[in-house]
Structures are given as C-alpha cells and as structure tokens.
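Just so you know, all these numbers are worked out from the coordinates, no wet-lab data involved. Quantities reported herein were computed from a predicted structural model and do not represent experimental measurements. For neighbour counting, all protein chains shown are included, and Cβ atoms are generated from backbone atoms with ideal geometry for every residue, glycine included.
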Amino acid sequence: MRHFLTTMDYTRAEIEGLLERAQRFKRRPIEPRLKDRTIALVFFNPSLRTRTSFDVGIRELGGHAVVLEPGRSAWPIEFEEGIAMDGEPEEHIQEVARVLSRYADLIGVRAFPKFQRWEDDRQDKVLQGFARYATVPVVNLETITHPCQELALALTMKERLGRLDGKKFVLTWTYHPRPLNTAVANSAVLIASKLGMDVTLLCPSEEYHLDERYLDAARKSAEGNGQKLSITYDIKSAYEGAHVVYAKSWGAIPYFGRWEQEKPIRDRHKHFIVDEQKMALTAGGLFSHCLPVRRNVKVTDAVIDSPASMVIDEAENRLHVQKAVMDVLANGW
Amino acid sequence: MRHFLTTMDYTRAEIEGLLERAQRFKRRPIEPRLKDRTIALVFFNPSLRTRTSFDVGIRELGGHAVVLEPGRSAWPIEFEEGIAMDGEPEEHIQEVARVLSRYADLIGVRAFPKFQRWEDDRQDKVLQGFARYATVPVVNLETITHPCQELALALTMKERLGRLDGKKFVLTWTYHPRPLNTAVANSAVLIASKLGMDVTLLCPSEEYHLDERYLDAARKSAEGNGQKLSITYDIKSAYEGAHVVYAKSWGAIPYFGRWEQEKPIRDRHKHFIVDEQKMALTAGGLFSHCLPVRRNVKVTDAVIDSPASMVIDEAENRLHVQKAVMDVLANGW
Amino acid sequence: MRHFLTTMDYTRAEIEGLLERAQRFKRRPIEPRLKDRTIALVFFNPSLRTRTSFDVGIRELGGHAVVLEPGRSAWPIEFEEGIAMDGEPEEHIQEVARVLSRYADLIGVRAFPKFQRWEDDRQDKVLQGFARYATVPVVNLETITHPCQELALALTMKERLGRLDGKKFVLTWTYHPRPLNTAVANSAVLIASKLGMDVTLLCPSEEYHLDERYLDAARKSAEGNGQKLSITYDIKSAYEGAHVVYAKSWGAIPYFGRWEQEKPIRDRHKHFIVDEQKMALTAGGLFSHCLPVRRNVKVTDAVIDSPASMVIDEAENRLHVQKAVMDVLANGW
C-alpha cells in the first residue's frame, strides 16, 4: 500500500505516468475506476478548489466522497502519543484513522501549519499521523507541501510548453497582507526541478528562503536532470528569459510565531507584484498561481487576464491529476 | 447559454412551459436528464429547503451536487472590480466563477442582501458577478428575488385553482421581529401578475412598498394580461374576494441601515397576522407562505393547519420546479 | 410505518433479526435496497462516525444522503406547540418534519440533551417532534439513547462471544473532564439485558445511577431472560468474572445545570479508568467503548491496544447495523 504524501516519494517516471493518466481522464472524464469505493476527505482548513475538484473527480470515477471537517462538524483530534487526553481533543488520531479506514477506501487530509513554530510544523504531524495509522492509502490535500497542486501545475505547463527540460521556471515570492503557508512554494520548486526545468527562486532576502529540506531535494533533482536551482533577490535577472513565472506569497520561516516583527519587512516588498513590466523581461513567459489569488496585490489584472495566464487551466487540471492519483492508489499502476 | 436569475427574463409562455415540465417530473421523478453532470450550489446564507430540494432533485435527475459555503467552508470572495485586494477577501469572483465553471455544468447561488443600503443591495452584485463570469448557466437560489419560489407558488396555485387568470392574489405583509429580505415579496407580485392574476399588495403604509423595479414589472405584466396591480393599506378590502392570500414579512426599504428606527413602526402592525377572521372575508381563499414561517406571529395555527393551507405542497413543489429549470438550462427546451 | 427511536420499542426477536441482516450486509456490502431513495440526516450536534457510516451505508444501498445541520447551515427550529414564535427559532418542527418528509424517504436525527434540566432532556423533544410530525420513518442518531450504537455493540459482542445469554456485561462509569450524555450508558444496559446478559452497572455512587426509565426496562429485560441487573460501587467485584467491560463517562443526573458542584465529586473518581490491573480480574474479558475515547483518561493505551479491545470493530459495525435498520424501515422485514 502506498500513500501520496509528497512527490519526493515518487520517481520522475512515476510522476510522468500520473500526468499521462491525467491527460487520459481529461479526454474521457467518466470511467468507473472507483465504483463502490468511498473516499473520505478530511479538511482541517477551508477549501474551494480542493473540495470541489475531489468531489467531482470521485463522482466521475463512480466513487463516493464523504467530507469531514474535524473541529467544526466533528471532534477535535489528538496527535501526540502516550499522553493522558485531559485537554480539548476528544479522540486520538489512532482511532480516527483506523475507524475511517473501515469506512473508506482512501483518505484525503488537508491540515495547514499552525505558524507558531516551524520546527513543529515541519513535522507534519496530522498527515503523518493519518499515514501511520490508516490502513488505506492517504492523500495530501495540502499540509506543508501541496503535491496535487504540483501535478496540476506540471500538467498545465506541459500542455503549453510540451517538453519542460531546460525551460526556465521562476518561483517569485509576492506580497500578501498576511503570512502564508510555504506549501505551494515548496511544491513548486520540487516539481519544476523534478521535471527537468531550470529553477530560480526569487525572494526579497535570505529570510524568505524555503526550508532546506525542499531546497536540497530540488537541488538534487535539478542536478540529476543536468539543471540547477538558483536563488536570487534580483527581480530583473530572475525574470529575464523565464518561460514560466509562478507567483506565491509565504511567511518568512525565521519569524514564525512573531509575525508582528516580520510585517514591516514584508511591507517593504510590495513591488514584487507580478506586472506587465516584469513579464516583458521574460521569454514570452507564461504566468500562473495556485489560487486563491489577490488581484492587484500579487498580480495585476493585466497579467492575470492575459493569454499568458494559466491560472484557470491549472485549477481545472487539479480535477484531472487528482483522478489519476486516486486511480493509481486504489487500483495500482 | 441562458441563466435563470429572475422570471422577468422569461416570457409567460416559457414560465408555463417550465411548470408543465415540473408537473411531468412530479409524476415521474427519476429521469437521467443530468447524468454525469455536476451542479455547484453556492450558499452565502443558510438554507434548509433550497439545499435539500436541489440536492434531491439533482440526484433524481442522475446528477451530482456539490455544496459550497464561502466564508465558512471556503474563502471570502471579492466582487468589486479593478481594486487592490488588500482586505479580507482572498479571491475574486472572476476566478471563483471561472474555476467553478470548469468543475460544474450549472451553478446555483444564494446571496441575501446586506440590509445596510438598499441602493447597494438592489445591484445584486454577487449573483450578477457569477452570471457575468461563469461560462455555465447560473441559477438564482434567492438573492433580491426568489424565482424558484415563484415557480413553486405558481405550480401549487395551478394544482388547486386550475387557470389563474382573473383570480385575486393578495400578498400581505406580516409582522416579524426582525426586518427580512424583500425577495419573496418581489417575486410573489412578479409571478402572480405574469400568470394573469389580479394582484393586491397589502402593507401597513407607503414605507413598506416594494422597490419600483418590481412593482413596475408587475404592473406591466398585469396590464398585458388585462388585469391590475393594486396597493392598499386596508386589510378588509384586501382580503375580500381573495382566492389566494400569500403572507410575507419584509423590512421597510427607507429604513435600511437604521433598523432601530423602523422597529417601533413595525411593532405597531402585529395585527397583520393572517387569522381565521381575515380568511373568512375571502372567497374561500387559499393560504400560503414560502417557509420558514413563525406560527402565531405571521399566521395562526388554525389557518396554517387548515385545508386551505398550501405551505407544505408549495415546499414540495420546489423540488419539481427546480428540476424543470435545471433540465431546461442544461439541455434546452 | 415504524420509527427506530429506541430498542425498547423492539422485541428481542426483532433485534436479533436486525443483527442477522447486518451480518448479511457485512458479507455483501453492495445491494440496491435504497435505490432512488433519499435519507435526510439532521445533525443538531457534531458527528464523525455516525455521519460517515450513515453516508457510506446509504450509498452502498444505492440511496442518497442529505446532511442538514440546523442552527449552522439551516434555521433554528421551534419544538414547543401553540406558542407565538417571537424568539429565535424561525421555523416550527411541524413544518420542518412535514417538508423533509416530502423530500426524503427516511429522516435521521441527532440531538443531544442540553444538560440544564434532566426533566426537560428526558422528554427528548426534538426526536419526539420529528417522530410525531414526519410522515416517513425517523431514526435516532443519538439523543438520550443511542440505539444504533447498541446494535453495533451487540453485533460485535456476538462476533466475539457467540451466544450472549448468561455472559457477564459490566458497564463501568469512567472519569472525563466534562459531564457527558448518559445516552450510550442507557443504551448499553438496555441492549445487554435485552440479549440475555447478566448486567452490572459500576459507578462511583448513587448520584451516578442512570434514569430509572432505563434501569427499569433493563431490569425487566434481564428478568425476562432469567438474568439480573446489578448496581455496584465496588470496582473489584464488578470486574470479577466479566466477559465484557464497556466503558463510558456520564454526568450525574442530580447535578444537571450545576456542574461546578459535581466537578469535585467527579474528580475524586479518576481511578475508575480501565487498566490492565482491573482487566486481569475479568474472565479474559473483552473491552469496548463507543468512541470518541480519551486515551489514558478513560482507558489505558495498554488495554485499548490489546487484542481484547473491540473498539474499532464496534465502530465498523455501526455501518452494517445501520444499513439493516434503514432497510427494514424502508422496505419492511
């Protein structure tokens, strides 16, 4: 039995296989690959695209989605082991995962970081707890990485660019009024490097570097593909020659838990917005973002509404790639 | 592609066509008219009947409902255009509507007015935003009108009365401890006048008149059918000879945003409750209300529990008329 | 038409029949017994197992579940009759139950006690209101008893022990930081006595006795089966010779509404936790709990993780027994 927790657990060939399967589902959406199967979707955080696209995809494959929202429509859950549960949580992940595994054939889990201590968040306890105790496959619906988004981004880039090897992929940090999850940023460098792209991480300063776990993995993937991972704080050189500009905001890891101190730093970098001037530096580059996106904060209307924008296609492709993932986990390759 | 935003966009013949289709679905509920189709139901406000009846109807037609509740289980949404999104909303209606259109074949939207400025509310920005950017048909699940309720009312009246032309329809304002939406009231005069009824709007004073947009439309429909729209503050003459008494409470438009000033006015009119004495003035008149209804505040137990009460039938008919609307939007006439 | 509100309304033979049907569904999960049928699940309180297991079970029987959460995603509801509804509730149970009966073929209701006055709670007004006004069968999803849990417990004990007659069943109160519902405790003594077991209720003091309504019914069942119902405050004698130890915490009925006074009493009884020392006194006894369970507060890790623990099986069996209940209510025996 195999989970889908991060693309780091999957070879490039396996990822390419998932993308081909996704393309088949995009051409022929209705297939009874999950007939009489139940997929439990556990959301510790809100969702529009993930919930809808999984629900629709499951249905198109003949399956049945059950959406659970612990702490809202279900009990709060304990993830630490061996402790006396005399606090808020009424139930332990051991029971939750084991019982859900009796009701469902696949479990999806969304659990955002708490943003207080990155050392805690990077352990990804909720997802790892489900993966450890569930007796059915577990899918990451976004925790500290977002592998389903990775596949959607990859499929969309392939649709527009064909072969990705050697193409320049720029992940640019952008301003956002609040500190956000690094998950999609981590994921973007992981997938672009895995698929042979030349990857540039553009951010305001060293404080906005991503966790070394992901930078290392991306660096290794890039090198394995004869490419490189670059990090720069210079907007102009980053955009120059780019084939894809991927925008995302995230909070600076050293400031986890003391965001009031990061705010003035972040506020100095509103000019990282993706606009027409910057895009003009690229090699006719494409633009994308995982959504939700704040218009005219992260990207101007002119860019997101241009033909170079892939945001709606990428969102649609969530549907197709997720069907591929569920199919493989439930039925094998 | 056509939306179902208001019955004002539909001819009388089209409305009659929808009602006939609804009657067919009532006789034979299971038909695969929405097979493999997904319908997204977006609720900005809570719902019992609408949600359940759409869900059941979609299922009976072989389709799949996805229920979304933005701001609760999804992100808050921006509806203004061209602005820098540095406030609460994380996502713009442009992306929401476009992405949902990739996942779903039909989008239903419920969005109540904010009750602060009628000039804002009457623009119906949420529904209009979806209608503008969605690339699939949009259905109004109640905003500032409630066209699905209109069809349910119309079908129920036809079941009881046969031909509606020339029958006297009275919409009576009733007391309610809070100011409520005018949507069902607007809708009641629209549909009764469109179907050839003689329409009387009974309310406490000029302050409780409905928006001229709807009164005008109703007046024109009535005249086109050789009938009239009357407005009166006199309970006795309104009830006399009525074939249908439809009860609804709503807040006075001139007091939007300063409800504490309207409250003493409203409180003087508790005697607008529908009771047996008033119903005795009618021509053996029927009673209905869209639900939810406060018993013994808007209508006495004796009236709502009498054989003249159509409330449960009207609620059931929501199911059938909505199936007709979805069928026509998805498959054409 | 018959409801499933409490097992007190069902004979032992009927209960045994439901359990046999559940075993059949466990062996062969997919059967179209609810094809084209809609089941409305009304949750006034949160749920993980109940919601998921009903949803999955309905789907496996070919039916369609609609989940409603009044007061959160629907209107608050009035349950008193004949009153002027000028408070919070926007709708009366009469309309809710009648309308839902038009949309659904079966209605499930979860409504926990309010824990202020047991004299009020024991009237079970919400469930009784639905049962009175619905025109389709109503299923208790846990109110002041939990009959679905009873059937799951019974099926699990039969799987492990075969014939239950004469086996010693111990319901032990355990500590929990908050006062909890007596529903599962009431249910445990009802079903164990109905199925011929020798039942012992172990609790700290007279204040923790269950309502006489349930003790009486259990006593009569036990006597009818040639067994007895014992109540004891002595841990050692209770555990001795037990075949099943069932743990549950509940609030003391005399302290309803003044829980701050009960807290110091409850806090003195943390030693009621189920642990290996106590289990060693039993006749190789099995352990179970309805879930959610607080580990190392109600039961030690060692016991709940031992082969004697039936908690996950009991949770799974919810699925199978509930399918049996729905099948019988919808299609008859």
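Here the protein assembly as shown is treated as an ellipsoid with the same Cα gyration tensor; its semi-axes, largest first and in whole Å, are 45, 45, 25.
Straight-line reach from A:K263: which lysines fall under 23 Å, measuring Cα to Cα and dropping same-chain residues less than 8 apart? Those lysines meeting the cut-off are A:K114, A:K248, A:K298. Here B:T232 yields copy-to-copy label distances, from shortest upward, of 8.0, 8.0 nm, the label point defined as 7 Å from Cα along Cα to C-beta. Toward the positive end of the charge dipole of the protein assembly as shown, with +1 on the Cβ of Lys and Arg and -1 on the Cβ of Asp and Glu, the farthest Cα among C:G62, C:G251, C:H320 is that of C:G62. Rounded to the nearest 20 debye, the dipole size of chain B about its Cα centre is 940 debye, using +1 on the Cβ of Lys and Arg and -1 on the Cβ of Asp and Glu. Ranking C:G284, B:I93, C:V126 by Cα position along the charge dipole of the protein assembly as shown, where only Lys, Arg, Asp and Glu carry charges on their C-beta atoms, puts C:G284 farthest toward the positive end.
The mean number of partner chain beta-carbon atoms within 10 angstrom of a residue's beta-carbon across peptide B:87-94 is 5. Net charge of the neighbourhood of A:E78, taken over other residues with C-beta under 11 Å away and scored Lys/Arg +1, Asp/Glu -1, is -4.
Here the ratio of the Cα radius of gyration of the range C:149-314 to 2.2 N^0.38 Å is 0.95.
Counting only residues at least eight positions apart within a chain, or on another chain, the aspartates and glutamates with an alpha carbon under 16 Å from that of B:K125 are B:E78, B:E80, B:E81, B:E91, B:E95, B:E142. Angle of helix B:147-161 to the longest C-alpha principal axis of chain B, folded into 0 to 90 degrees and rounded to 10: 40°. Of all lysines in the structure, the ones whose alpha carbon falls short of 25 Å from that of B:K35, not counting any fewer than 8 places away in one chain, are A:K26, A:K35, A:K323, B:K26, B:K323, C:K35. Computed from backbone phi with θ = phi - 60° and the Karplus coefficients 6.51, -1.76 and 1.60, the 3J(HN,Hα) list for the range A:284-300 is x, x, 8, 10, 8, 7, 6, 6, x, 10, 8, 5, 6, 10, 9, 8, 6 Hz; x is used for glycine and proline. Could you give the angle, 0 to 90 degrees to the nearest 10, between helix C:311-331's Cα long axis and the longest principal axis of the Cα atoms of chain C? Between the helix axis and the principal axis of chain C, the angle is about 40 degrees. Karplus-derived 3J(HN,Hα) values for the range A:106-123, using 6.51 cos²θ - 1.76 cosθ + 1.60 with θ = phi - 60°, are 7, 10, x, 9, 10, 8, 6, x, 8, 6, 9, 9, 4, 4, 6, 4, 5, 7 Hz; glycine and proline are entered as x.
Other protein chain C-beta atoms within 10 Å of residue C-beta, averaged over B:76-85: 3. Look at the dipole of the protein assembly as shown built from charges on Cβ: of C:G82, B:Q261, C:S221, the Cα furthest out on the positive end belongs to C:S221. The simple spin-label model puts a point 7 Å past each Cα toward its Cβ; for A:Q23 and C:F112 those points are separated by 5.2 nm. Rounded to whole Å, the principal axis extents of the Cα atoms in chain B read 54, 48, 36, largest first. Sorted from closest to farthest, the other copies place their B:R12 label points 7.1, 7.1 nm away, with each point set 7 Å from Cα along Cα→Cβ. Amide hydrogen proximity for B:D124: with H placed 1.01 Å from N in the peptide plane, no residue at 5 or more positions away or on another chain lies under 5 Å.
Close amide-amide hydrogen proximity is noted between B:F4 and B:V138, B:V139, B:N140, each under 5 Å apart and 5 or more residues distant or on a separate chain (H modeled in the peptide plane; Pro and chain starts excluded). Taking the label point 7 Å along Cα→Cβ, B:D36 and its counterparts in the other copies are spaced 2.2, 2.2 nm apart, in ascending order. The Cβ shell under 11 Å around C:R12 holds other residues with a net charge of -2, Lys and Arg each +1, Asp and Glu each -1.
Highest mean packing comes first when the peptides A:134-142, C:265-273 are listed by Cβ atoms within 10 Å, giving A:134-142, C:265-273. Here the range C:264-333 is treated with +1 on each Lys and Arg Cβ and -1 on each Asp and Glu Cβ, and its dipole about the Cα centre works out to around 380 debye.
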